[in-house]
Amino acid sequence: MFLWMLPFALAGPALERNRLLEKRKKELAGQFKESMMVVASSLSAGYSIENALASSVNELSVLFGQRGMIVQEFAFMVQQIRTNRSVEHVLEDFAQRSGLEDVQNFAEVFSVAKRSSGNVGGIMRHTAEVIRDKMQVREEILTMTASRQFEQKIMNMIPFFIVFYVESASPGFFSQMYGTSMGRVLMSGCLAVYLISYVLAKKILDIEI
């Protein structure tokens, strides 16, 4: 049993690391949505993108605290801008660090607007509003599918509860399933079907916007 479970134990840390990474990315995405609303308000008031980023740090600190991820990122970007780094490069670095598609889109739009010498403030304000609306739609979808995700977690645990209950109520009931060669082959096939169903369920509920 130890040798059979050893691959899962070795894969556990990697799976947990990916889960924590996704959790941090979702948290950062939510904070980035709020930051876009603050930046859009500053741009509407006539601020340049540099001043909009600087002024948003204080407002974001009130919302998320000094240790909020987006607060630290914006403070770092403002510091880089003050050392004569271009806003374009600063936003590109932020997009690479975050790994978020919306941040990457925001950086690319700013880069194109800067090179085209257009109405950078108006373009960035519109882009910020589009990204904010997109994130709101994503949050609504997550809210609508929350119950289905909870049901999926329950269904994933039901086979184990059934096996545990039957074995506890009728000891030896599964002896033919786990004590014979044919039974082991059959149960291994059932385990493979279970794993495939688990992966398919996660993909079905993982709706990308």
| Hey, does the range 125-137 have a residue that's closer than 21 Å to S35 by Cβ, aliphatic (A, V, I, L, M) and free of Cβ contacts under 8 Å to residues at least 60 places away in the same chain? | yes
| request: Considering each of S56, S48, S42 in turn, give the residue that is surrounded by fewer than 18 Cβ atoms within 10 Å (Cβ to Cβ) and out of contact with any Leu (no Cβ under 8 Å at 6 or more places or on another chain). | output: S48
| task | With respect to R132, determine if the residue is surrounded by 18 or more Cβ atoms within 10 Å (Cβ to Cβ) and either touching a strand residue (DSSP E or B) at 6+ places or on another chain (Cβ under 6 Å) or farther than 24 Å from K25 by Cβ (or both). | result | no
| Yes or no: Q72 closer than 20 Å to S42 by Cβ, outside any loop (DSSP other than H, G, I, E, B) and under 24 Å from the mean Cα position of the chain (by Cα)? | yes
| request: Please give the number of the condition V78 fails out of (1) at pLDDT below 80; (2) assigned to a helix (DSSP H, G or I). | output: (1)
| Limited to the range 140-196, what total is found for residues that are touching a helix residue (DSSP H, G or I) at 6+ places or on another chain (Cβ under 7 Å) and in contact (Cβ under 8 Å) with a residue 40 or more places away in the chain? | 5
| message | Criterion first (within 30 Å of S48 (Cα to Cα), exposed (fewer than 12 other Cβ atoms within 10 Å of the Cβ) and out of contact with any helix residue (DSSP H, G or I) (no Cβ under 8 Å at 6 or more places or on another chain)) does V137 satisfy it? | response | yes
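The values are calculated or read from the model by the stated rules, or taken from the named source; none is laboratory data. Here the structure is a predicted model, which means the values were calculated and not measured. Reconstructed Cβ throughout: ideal geometry from the backbone, glycine too, with neighbour counts over all protein chains shown.
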